[in-house]
Amino acid sequence: MTTLLETSKWSERRRRSAELVERWAFAAEVLGFYQALLDTQEAIFAETRERSLEPSQVAAFSAEFAVPRVIETSIDRGPERLGAALLERFHEVEVDEIVRRWLGDGALSAVERYLARAATGPILEALDQNAVSAATEGPRDDRHCPACGGVPQLSYFATSAEDLVTAHRYLECSRCATAWPFTRMACASCGEEETKNLSVFSEAGSLEAELSGGIVKHLAGAGKDARPVAQFPHLRVDGCQTCKHYILNVDLSRDGRAVPVVDELAALPLDLYAKELGLTKIAPNLMGF
Amino acid sequence: MKTATLTGRGGTWVAAKARPNGSATSLAYGVIEMASTVSRQDFLKLTGIGIGALAFSELGFDLAKATAIKRELRIANATESRSICPYCAVGCSMIAYTRPDTNGQPQLLQIEGDPDSPVNEGRLCPKGATALQLASSNRRVEHPMYRAPGATAWQQLTWDDMLDKLARRIKDSRDRTFVAVDKKGNLVNRVDGIAFTGGATFSSEEGYFAAKVMRGLGLVYLEQQARV
Ligand code: SF4
Ligand SMILES: [Zn+2]
Ligand SMILES: [Zn+2]
């Protein structure tokens with residue numbers, strides 16, 4: 001049962017990537033590469049399951065098995081700059097050590113982080129929560145992953161079974177992809193709860209009144225035909241003026257076909273927008289945005 | 001020297017890869033020509049020079065298309081606030097989203113149940129779910145409307161006319177149906193011919209006031225939808 005569910009996770013990511021490549025030309029390069037990487041990651045995931053790995057073996061297994069495969073795919077299908085950097089890096093530094101630092105709290109360069117994460121992420125995803133816990137370092141509080149102590153990559157609103165129920169918000173881990181419930185109106189980085197310091201940057205056309213068209217008086221462009229059309233009706237930037245961090249939020253009730261981790265990767269214009277506002281993402285995603 | 005042409009709002013520019021300040025190591029985009037309609041700041045934004053954004057990301061992804069889309073985005077800072085549904089005594093918790101309109105005034109654009117509330121856990125009844133329209137429906141009737149007995153059409157009245165009409169009817173009905181002494185001879189001073197119902201969006205003060213006025217007239221059939 002679990003295996004079935006877990007396997008479909010990869011096909012879901014693949015399905016969504018294919019959908020978004022069609023829809024968002026600006027994300028074609030990132031998603032095209034991600035699609036290639038997904039095959040490699042699924043193979044790593046499957047191999048981890050085969051081997052029933054001990055937590056202490058994660059770094060070594062990643063360095064020996066996963067990293068070379070990720071490097072190969074990245075040189076083959078990734079952007080030129082990444083490929084060139086990986087070739088160098090592979091000869092230069094002890095890969096095992098990079099992975100260990102990624103599992104711990106150490107600082108890594110963008111390329112190192114990419115390599116460690118692309119290779120080791122699927123390994124953590126394949127392990128059970130106890131093993132993940134034993135293999136990783138990090139604080140365990142509501143703003144960190146309960147399994148590995150990592151910081152959240154993204155936030156999402158779940159779908160609910162009924163129309164009139166607003167579902168919980170969840171954070172999804174940047175390291176092991178575990179999701180955990182989190183307060184709707186709080187900063188996922190510093191915990192700020194004062195809503196005047198929490199900015200929600202959403203596109204015109206993405207709120208209820210605009211989506212339903214013209215219920216609200218004096219709404220600019222109200223009326224079915226004239227209403228503003230959002231390109232990202234299910235995505236928003238949750239920013240915090242207190243710590244100057246942001247996280248992208250995926251509203252699954254707005255787009256039930258969305259797969260948060262994929263949509264987050266593809267939402268480049270929103271990342272560029274947030275950067276322009278002087279906000280930094282809590283954790284850069286797999287592709288470094 | 002490698003040159004590139006950039007087209008954006010307000011004009012076209014030619015940028016060229018050059019080595020500024022004689023530095024041999026750092027490459028930057030230098031401006032050769034700039035359309036006069038656009039300020040330098042705009043230009044820097046467009047080309048990403050000023051804010052350190054690059055045409056390629058750290059890992060080497062081409063950001064040109066995403067940057068173009070970003071420029072078109074119409075994004076505004078929405079504010080979330082917690083509120084309580086005014087409609088009934090359950091007191092469901094709500095999240096209200098406001099966004100400044102073109103005049104900078106906050107405009108209420110979305111209300112939904114608060115999933116973190118132990119009262120309703122994100123749920124709203126159909127009535128509470130329409131609370132947005134209480135505040136800002138464009139179907140709100142903004143003038144007193146009157147439909148005469150037997151008439152098929154509504155007619156717009158002024159507030160003065162309407163208040164006169166109401167006062168007249170209340171007075172007439174009260175005079176006609178006033179009971180000073182009941183059948184058993186008890187002094188009751190009550191009005192049997194008028195009933196009063198308070199709506200759910202009444203505030204406590206309005207409800208208090210209405211009850212005082214109606215009891216003062218002698219009404220006994222007073223009903224009020226229970227509320228917070
Ligand atoms: S009217 Fe409905 S939504 Fe409002 S408080 Fe009562 S039950 Fe809750
Ligand atoms: Zn985790
Ligand atoms: Zn914060």
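The values are calculated or read from the model by the stated rules, or taken from the named source; none is laboratory data. If you're wondering where the values come from, they're calculated on a predicted model, not measured in any experiment. Methodologically, a virtual Cβ is constructed for each residue, glycine included, from the backbone with ideal geometry; neighbour enumeration extends over all protein chains shown. Only protein heavy atoms, including side chains, enter the accessible area calculation; ligands, DNA and RNA are left aside. Shrake-Rupley method; radii C 1.70, N 1.55, O 1.52, S 1.80 Å.
When B:I111 is tested against (1) in contact (Cβ under 8 Å) with a residue 12 or more places away in the chain; (2) exposed (fewer than 13 other Cβ atoms within 10 Å of the Cβ); (3) among the hydrophobic types (A, V, I, L, M, F, W, C), exactly one condition is not met: (2). For segment B:118-137, the set of residues classified as within 13 Å of ligand 1 (Cβ to nearest atom), open to solvent by less than 30 Å² (accessible area, probe 1.4 Å) and in a helix (DSSP H, G or I) consists of B:G128, B:A129, B:A131, B:L132, listed by residue number. From the list A:E172, A:E162, A:E125, A:E88, the lone residue that is within 16 Å of ligand 1 (Cβ to nearest atom) and either free of Cβ contacts under 8 Å to residues at least 12 places away in the same chain or away from chain B (no Cβ under 14 Å) (or both) is A:E162. The single residue among B:R99, B:R140 that is open to solvent by 60 Å² or more (accessible area, probe 1.4 Å), modelled with pLDDT under 90 and of a type outside the set (V, I, T) turns out to be B:R140. What number of residues within segment A:42-81 satisfy the criterion of being in contact with a Gly (Cβ under 7 Å, 6 or more places away or on another chain) and not β-branched (V, I, T)? Residues flagged as in contact with a Gly (Cβ under 7 Å, 6 or more places away or on another chain) and not β-branched (V, I, T) within segment A:42-81 amount to 4.
Scanning segment A:250-280 for residues that are crowded, with 22+ Cβ neighbours inside 10 Å and within 16 Å of ligand 3 (Cβ to nearest atom) gives A:A274, A:L279.
Would you call B:F178 among the hydrophobic types (A, V, I, L, M, F, W, C), exposed (fewer than 15 other Cβ atoms within 10 Å of the Cβ) and within 22 Å of B:E223 (Cα to Cα)? Reasoning before the result, please.
Numbers: among the hydrophobic types (A, V, I, L, M, F, W, C): yes; exposed (fewer than 15 other Cβ atoms within 10 Å of the Cβ): no; within 22 Å of B:E223 (Cα to Cα): yes.
For B:F178, the condition - among the hydrophobic types (A, V, I, L, M, F, W, C), exposed (fewer than 15 other Cβ atoms within 10 Å of the Cβ) and within 22 Å of B:E223 (Cα to Cα) - is not met.
Here B:E112 fulfils each of the conditions (1) part of a loop (DSSP other than H, G, I, E, B); (2) facing chain A (nearest Cβ under 7 Å) apart from (1).
Say we look at segment A:158-185 and pick out the residues that are β-branched (V, I, T) and open to solvent by less than 30 Å² (accessible area, probe 1.4 Å); which of these is farthest from ligand 2 (Cβ to nearest atom)?
So in segment A:158-185, the residues β-branched (V, I, T) come out as A:159, A:165-166, A:178, A:183.
Subset that is open to solvent by less than 30 Å² (accessible area, probe 1.4 Å): A:165-166.
Numbers: A:V165: 28, A:T166: 26 Å.
Once the filter is applied, the top-ranked residue is A:V165.
Got a sec? Which of A:E97, A:E29 is touching a residue at least 12 places away in the same chain (Cβ under 8 Å), open to solvent by 50 Å² or more (accessible area, probe 1.4 Å), over 20 Å from A:E125 (Cβ atoms) and not aliphatic (A, V, I, L, M)? Break it down stepwise before answering.
Details: A:E97 fails: touching a residue at least 12 places away in the same chain (Cβ under 8 Å).
Going through A:E97, A:E29 in turn, just one is touching a residue at least 12 places away in the same chain (Cβ under 8 Å), open to solvent by 50 Å² or more (accessible area, probe 1.4 Å), over 20 Å from A:E125 (Cβ atoms) and not aliphatic (A, V, I, L, M): A:E29.
Only residues that are over 14 Å from B:T79 (Cα atoms) and facing chain B (nearest Cβ under 9 Å) were counted in segment A:182-207, giving 2. Of the residues examined, A:S199 is not one that is in contact (Cβ under 8 Å) with a residue 24 or more places away in the chain and within 16 Å of ligand 1 (Cβ to nearest atom). Put simply, of A:S11, A:S17 the only residue that is closer than 21 Å to A:V250 by Cα and open to solvent by 20 Å² or more (accessible area, probe 1.4 Å) is A:S11. Can A:D76 be described as within 16 Å of ligand 3 (Cβ to nearest atom), at pLDDT 95 or above and surrounded by fewer than 20 Cβ atoms within 10 Å (Cβ to Cβ)? When the stated conditions are applied, A:D76 does not pass them.
Here A:A186 fits the description: over 15 Å from A:P233 (Cα atoms) and among the small types (G, A, S).
Can A:A188 be described as away from ligand 2 (no atom under 16 Å from the Cβ), assigned by TED's automatic domain parsing to the domain that holds A:V259, open to solvent by less than 30 Å² (accessible area, probe 1.4 Å) and modelled with pLDDT of 95 or more? Even if it seems obvious, please write down each step before you answer.
Details: away from ligand 2 (no atom under 16 Å from the Cβ): no; assigned by TED's automatic domain parsing to the domain that holds A:V259: yes; open to solvent by less than 30 Å² (accessible area, probe 1.4 Å): yes; modelled with pLDDT of 95 or more: yes.
When the stated conditions are applied, A:A188 does not pass them.
Before we move on, is B:W154 open to solvent by 70 Å² or more (accessible area, probe 1.4 Å), in contact with a Pro (Cβ under 9 Å, 6 or more places away or on another chain) and hydrophobic (A, V, I, L, M, F, W, C)? Break it down stepwise before answering.
Numbers: open to solvent by 70 Å² or more (accessible area, probe 1.4 Å): yes; in contact with a Pro (Cβ under 9 Å, 6 or more places away or on another chain): no; hydrophobic (A, V, I, L, M, F, W, C): yes.
The answer is no for B:W154.
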